Each structure stands twice: as structure tokens, then as C-alpha cells.
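Derivation of every value follows stated rules applied to the coordinates shown; laboratory data play no part. Since this is a predicted model, take the numbers as computed values, not measurements. Cβ atoms come from the backbone with ideal geometry, glycine included; neighbour counts cover every protein chain shown.
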Amino acid sequence: MLKVGLTGGIAAGKSVVGEMFVALGAHLVQADRISHSLMEPGEPVYEEVVRHFGRDILNADGTVNRSKLAELAFGGDASSGSASGSRVAELNRIVHPAVIRTQEEWMHGIGLQYPDGVAMVEAALLIEAGAAKRFDRIVVVTCTMEQRAERFAARQKADLESARKEVARRMAAQLPDEEKIKVADYVIDNSHSLETTRGQVRKVWENLHN
């Protein structure tokens, strides 16, 4: 079984690219969904996050309000895109080890079921978390900053200027694309049409099987 890490900065289009790989036969898990499940009430990660960030991050039903947590974690001055005062490293120290452990268990299970398959993990902070060495191949998805802002605005139903500031703030806590690309085995430029992206995905898929 081949272990593939799929990563890229915020709103680069990782999920769209991941769906294209799934359509070709890949088995995919999203680190974000894993972290969501680990932050359900009663989970050890949930208890630790609440202990560190306080009960103000909780909704009335006790679930984590991810917007409030993100605001506390990323900190800084949203208008300048600065990450000064950021507590994202503190949050990552709590969440990443459990996410990586769950990913490893998932890939092990896929390997038992599909020995010749491709197990793909989609994770925004895969390289930042030091998890790149756990994979046989790394695929990095890129696009322009303006496209990130437009996609983020559409996803969050926010105005474009607010989206630009929020994308800049979050990207300040991530490695720049130039650094991610240095680690990549394959780079998919998602700044053109979906069909262009799909063509790149097909080529990578073919190479993964050579």
C-alpha cells in the first residue's frame, strides 16, 4: 500500500483535489474531520483544549465553537494579517499527536484491506506537524492568494476584504507554499480551471502506480 500525504495552504483546494483522487480509486481521510471527532465532548483532546483555552470557546450545548477557538488560537491583528500573539502552536501541540495517531491507525486498516491500494491523508498542516516522513509521497496543492481569498469568502459567506485579512492571518501560521514545495514529490497548481486541475491529478495518479 502507498501512503500519500495531500497538503496545501488554506483554501488552496485540497478537498476538491482529494475528491478527484477518490474518483480515481484512492482511499482518503481528512485530518480536519479527525480533529472534529477528537474535539467532541468527552474526548481527551476536548478536555485538554478546554483546559488550555477556557470554557468561553464552548457553545451552550458544550460543543466547541470552532470560530471562537480559531480566534483565540490564531490571535494577532486580523487587519494586518499578523500572527503575533498567536496560540496556534499551543493548540497544535494538543491536537496534532492524537490526529497523527488516528491517521496511522486508519492507514494501517486500509493497508490490511487493500494491500495494493493508495491511502491518502488530506491535512493542511501535514508538513508543519512533522508528519511528512510518515508518507511515501507528498502532494502539495497551490493557487494564488487572491483565489484563496475568493474561495474562503465564498465558503464562509464573508466579504472579500475580510476574507483577505483572515486568509493572511491564517497563512502566517502555515509554511509558505515555497517551503511546502521543497518537500513535495508532486505539485498541483489549482489556479486554473477544474479540468486543468483534473488533468494534473490524473498524471500524478498514473505516476503513483509506476
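Note that segment 12-24 has calculated 3J(HN,Hα) couplings of 6, x, 4, 5, 4, 5, x, 5, 5, 5, 4, 4, 8 Hz, one per residue in order, obtained from phi through the Karplus relation 6.51 cos²θ - 1.76 cosθ + 1.60 (θ = phi - 60°); glycine and proline are x. Distance between the modelled labels on Asn92 and Leu24, one decimal in nanometres: 2.8 nm (7 Å Cα→Cβ projection). Pairing the Cα long axis of helix 160-171 with the longest principal axis of the chain, what angle in degrees results, from 0 to 90 and rounded to the nearest 10? Helix 160-171 and the main axis of the chain meet at about 80 degrees. Debye calculation, C-alpha points only, no solvent: report log10 I(q)/I(0) for the chain at q = 0.17, 0.19 Å⁻¹, in the same order as the q values. Evaluating at q = 0.17, 0.19 Å⁻¹ gives log10 I(q)/I(0) of -1.26, -1.46. Residue by residue, segment 119-125 carries 3J(HN,Hα) couplings of 9, 10, 10, 8, 8, 5, 10 Hz when phi is fed to the Karplus relation 6.51 cos²θ - 1.76 cosθ + 1.60 (θ = phi - 60°); x denotes Gly or Pro. Between Ala60 and Glu161, the C-beta separation translates, for a Förster distance of 35 Å, into a calculated FRET efficiency of about 0.65.
Largest mean-square fluctuation among Tyr186, Tyr46, Tyr114, in a Gaussian network model of the chain whose springs join Cα atoms under 10 Å apart, belongs to Tyr114. Computed from the Cβ-Cβ distance with R0 of 30 Å, the FRET efficiency linking Leu112 to Ala132 stands at 0.80.
Among residues other than Phe135 with Cβ under 13 Å from its Cβ, the summed charge is 0 (Lys and Arg +1, Asp and Glu -1).
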